[in-house]
Structure formats: structure tokens, C-alpha cells
1. Please go through the stretch 487-505 and pick out each residue that is surrounded by fewer than 16 Cβ atoms within 10 Å (Cβ to Cβ), part of a loop (DSSP other than H, G, I, E, B) and not hydrophobic (A, V, I, L, M, F, W, C).
2. From 239, 253, grab the single residue that is in a loop (DSSP other than H, G, I, E, B), over 19 Å from the mean Cα position of the chain (by Cα) and farther than 30 Å from residue 429 by Cβ.
3. Would you mention how many residues in the stretch 309-328 are crowded, with 20+ Cβ neighbours inside 10 Å and not β-branched (Val, Ile, Thr)?
4. If the Cβ limit is 9 Å and pairs must be 6+ apart or interchain, which residue in the stretch 333-351 that is assigned by TED's automatic domain parsing to the domain that holds residue 85 and acidic (Asp, Glu) pairs with which residue that is in a loop (DSSP other than H, G, I, E, B) and surrounded by fewer than 14 Cβ atoms within 10 Å (Cβ to Cβ)?
5. I want to confirm something. Restricting to the stretch 354-379 and keeping residues that are assigned to a loop (DSSP other than H, G, I, E, B) and of a type in the set (Asp, Glu), which single residue is nearest to residue 207 (Cα to Cα)?
6. Quick one: residue 532 ticks every box in (1) surrounded by fewer than 19 Cβ atoms within 10 Å (Cβ to Cβ); (2) over 26 Å from residue 214 (Cα atoms) except a single one, so which number is it?
7. Given the criteria part of a strand (DSSP E or B) and either more than 30 Å from residue 159 (Cα to Cα) or at pLDDT below 95 (or both), does residue 248 qualify?
8. Taking the stretch 149-188 as the search range and keeping residues that are hydroxyl-bearing (Ser, Thr, Tyr) and not in a loop (DSSP other than H, G, I, E, B), which one is surrounded by the most Cβ atoms within 10 Å (Cβ to Cβ)?
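The values are calculated or read from the model by the stated rules, or taken from the named source; none is laboratory data. Note that the structure is a prediction, hence the values are computed from the model and not measured. Quick reminder, even Gly has a Cβ in these numbers, built from the backbone with ideal geometry, and neighbours come from all protein chains shown.
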Amino acid sequence: MLWTLAVLIAAAAGAGIFAYWKYKQSKPHVGKPQQKIEVKSTASIQDNYDVIVVGTDPEGVSAAISAARNGQKTLLVDGRNRDVLGGLMTLGWLNSIDMNYAPGKNSVLGKREVLNKGIFSEWYNKIEGDSFDVTSAANAFYELVKNESNIDLLMKTRSIVPVLGEGKNGNSKIEGIKVVKEDGSERMIGTSAVIDATQDGDIMAEAGVPYTYGLEDVGNKEAKMAVTLVFRLKNVTPDVWKQIEKRLNGDNDPGTGANEVSAWGYKELSNYPAVNKDRVKMRGLNIGRQNDNTALINALQIFHIDGADPKAREEAFQVGKEEIPHVVDFMKKNYPEFKNVELDETAPELYIRETRHMQGEYRLTITDVLENKDQWDRVAFGSYPVDIQRLSPNDAGTVVCAPKQYAIPFRSLVPLKVDGLLVVGRAASYNSLPHGSARVIPVGMAEGQAAGVAAKLAKESNMSFRELSASKEAVAKMQDILNKQGMVLKPFSLEPQAFMKYKQYEGLKAVISLGLVAGGYKNEFNLDQKSNAKRMVNLTEGSKKMDPGTFKGDASSAIKGMETPEKTPLSLDQASFTITEALGLKVPKEAAREELIKNGLLTEATIGTIQDKENLTNGDTYMMIKDIKQVLKP
């Protein structure tokens, strides 16, 4: 079953991809082109390390630097045939940063205060702004790594697998890794701590850590967010950029704009007639300027790709490379500022948004994000909107909600069933919906920095990561070290959001956790809006994902013969009848309510919250779904 929200609440699903730029704050400037610094593996690799970090994406770089600065001899190793550090940002060419800002706080210069800070801010201060040149970004990552004498670097390994032994309480324990080096030779490397910073959680999966995949946890087992092949245009001269700025800053659209290095708009490109219309869809352009009169375009979405499957990734490259020349030709013909630009190249790696979601000691929930929840073991803060990209060419994508600030707990880095391992980045222990916010790079780099400190403390205290995660004393010590090393991890408390004060809020939590509703960038959940017979059918059909075996009927049979169900007010009896029809309980409409009550699927408490039983609101219907969910929950 695909994402159902666009059918249920069209207004919420209409939130565009562009509004996210208002969450960015730049110090934009175009710099001088840099020569790419050659990344060299350390000549002599040791047999044992205090910490091994697998993956050279930003999260891995941050983890390695943190561990090294805390006195741990660290190996940073990668197996993707990379020649630079930075992964998604420098090889996937995702050169625009989804920033996390503190709510309502400005610096003395008037800029918004960045959450987390730490190693992320060190790196960010070396680049051009909210969009950056990928070569200068890669060089900045390498410079930070080279400055740490405690880091050894091993690039271009052919394979990396964990070496497992026996841990505590029946768990496995990672005791090292086995690598096949670029020259084909094998090497066993021991350690007491592995930090998995791979995009897809490759090490944790290989080690036997349980995980969910994609939107599996909300019942959409086959659904996969689109992947993107970023492409580069040349001949993007200063004059061309001025024309881009003139168009996007002068179109009276608050959802478009441009600064010296970033541009967001050209929404009409969502109507681009794709050659491969079943696999490809364009959205408006997100443009990141480079230092050499080129620009990177993040806009082409490719569907039905398993991002963790190498063969599927090859297929995505093929689909994208066949489509992109047609896209560029369309841009040249329809926008005068692009008439002289040319396709230069496509990114070496794909932008893959989602694959595995580890199951850890704590699983971040959409309610945590919705409620701006703090955590006692906070190691990072998020604030980016919950962005669920398209799942198919016919899907609009959606923004589930827009938090102000929430905490990532250390427990979400600690996997179940395997000791000696931490997982950072988008494969950490998040449910799929909050992952839409927590997957951004600044959060992952903060997690990496925390993981490096945790490795030091676990070793010094002779504790497993699991034991450390349960110790408030040890976690407080970790947080103190992180704060002294540039992070800002202070407790916080925010006023409850307006929608949390509604008596139907418990119902909203139930349906949002199923991926059935969204509030967009303004958290407009419309709990007081009157529902209708058709919307109740859509909501109930979407709820079948809770337990498909129990829902044996067809909710739409409840509106059979109704001329305009989308305009027909929803009564409590009609809503109850819709549910009984979906469950396959063959009772007449007038008996449906009592049938639900008899089966424990509708409570008197919920009925008591309904003010007008002949004209139910969205919030009323959500409460009814909540009652069912409480009975059917695993």
C-alpha cells in the first residue's frame, strides 16, 4: 500500500518541496576553485584499534575525529571505491544542507542559532554557505581528518564484514572487522568498538541487528522513497546566476528564491513530460552553485529503487542518465537564462534517502518529533520538517509536521542484540516517519561526535554501550565532555503546540503514526474541520495496514449509492458503519455503533468527546481510529 495521505488530506499533502529553504540560513559566497586534494590511505594499518569507524560520509568523518580527539587510536575505513571524503555530500553531490536551527533564537549578527554545533560547525565554517562547492567541502573534510594523528585511513576496500564473538546476556559482540583491501589481500583488524556510519547500516545488518526497511513499520512494505541522480550544468556564468536570482526573487512567490550560492524554484518543472514516465518525475529545481561556473541540480526523482541493492543502484543510474539530457533540453527551451547551459556530468553516487532503520534500545517516534520532546540522554537535536518524498510518479510527497526542536537519545545509536557497535546517521534507530526529519547531515554528524566520546567512556569504564546507555551518570559525563568540546546539549522545554491542547489529540497521534495525516510546514491538522462520508472511507481503508487480516471487508461499500459522499456530512452512525463494513462485520447501519462497542472497538470515552453526532469532525474520526488501534496493536 502506498502513501495514503494525499488522498485523505489534500491540503496538507500540497506542501511544496521549496518551502524547506526557509529553514536555511546562509553565509553565502562564491570562492575560488580548489584543486582536489588526493586522499591517501595510511601506509601501515595496525592489527588493533581502539575504535573502527566504517563509512566516510560526514557522520563517519565526525565520529572518527571525535574518537581521535578523545585519545582513541582510530581507523576510518571505507568500501565504496571513493577517492574523497564526504560521501553523500561530495560524491552524491547533495551540496545543499538541511540545517537545524534553534527555535526563535538569533545570534548577535541576526542569524539563526544553529543547533548541535561541534564538529559540524567546524566543517561548515570552512565552506561557502548553505550550498557549497563539493571539492572545497571534500578538502575541508580531509583537512580535519589529516590534522588528527590518532586517525589512520583505509580507502577503497573491496569488502568489509564484522567479526563476531559472544557478548553479554546472549548478545553477539563485534570484535573487529575483516577487510579485503584494494589489492585483493585480506586483513583482520581487531577493536572493542565499531561505529557504523555507512548510509545503509551495512555493518549492523551484516552483524544480525534487527531492522525495518523503508516504510515497512507503517504497513507500506513495498514503498520506497524516490532516489535522485544529481546532475551538473556548465556555463552557469555570473550573468546566468543573476538572471536566476532575478526570476526567483521577483516572482512574488514566497516558496521560491535565490542567494549567491543557492536557488530554489522553477516549480513548473514538475510538469516536465518524462520520457520514462513510469520511473521518473521532476520536481522544482534545487540549485547549488559551484566555484567554477557550474551548478548542481537536485530535482530528478527515480522510483522503485531498492537503495541497498547494488544492481538496483546501477539501474537507477541508467534510468537517470537516459532521462537527464531530455530534462536539460527542456530547461534550455523553456527558460531563457538556461539557453546556453550544457549538461556537464552526473554525480558519481546516488542520493538515496531511505533504506534500513535499525532497531535500537530506543526507537525515535513521530510523536517525539510532533511534541518537540527532550530526552534525558540527548546527544543531538533536530528541527527540520518531516519530509517524506514521493514514492511514485503519481504521489505528491508530503511534510508530516514541522517541529521546533526535539532530541535524539543516545539509546537510538545502540543496536539490539549486538554489543560493541554504535550506528549513526539515517540508519539509526528511528521509525520511518521521524526519519524524514532526523536523516539530515547535521544531526548525523552530532551523533557521530557523540559516538566517538561514548567509545572512550565505554572503554575507560569497562562498560558495554548498552550498559552505558542505561547509566544516567555515564551519559551525563558523556554530555559534559561533548559540551566542553563544542556541542551544546542542554535540556529544553517548549510550550505545547496548539494542536496538542485539543481533546482529540490522542486520536491525531494514532493516525499520524500510521502515516494517514499530515500538517505540512504550518502543522495545520484541521482537527475541527468537518469530515465527510468519503473521507471516512479513505481514512478507514488506510487504517487497514494495522492488521490486514482483521479488515476483511470493503469500507467503500458504506457509501454505495450515495451520490456525493465527498459532500455528505459524516454522522457517528455512518462512521461506525464504514468501520464495520471494512472489518467485514455484516450489520445494518443503525446497529454498527453498538457492534463496535460490543467488540471493544469504540469506547464510551471517545463517544463522549463528540459534540455533534450528526456532523463529525476530522478529530472525531481520528479518535475512532485510535480506539481500533489500541485493540489491534501488537
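1. Hits for the stretch 487-505 are 490, 491, 493, 495, 496, 503.
2. Answer to the selection: 253.
3. Residues flagged as crowded, with 20+ Cβ neighbours inside 10 Å and not β-branched (Val, Ile, Thr) within the stretch 309-328 amount to 3.
4. none
5. Looking at the filtered set, the residue picked out is 361.
6. Just one mismatch for residue 532, condition (1).
7. Taking the combined requirement at face value, the residue does not satisfy it.
8. 172
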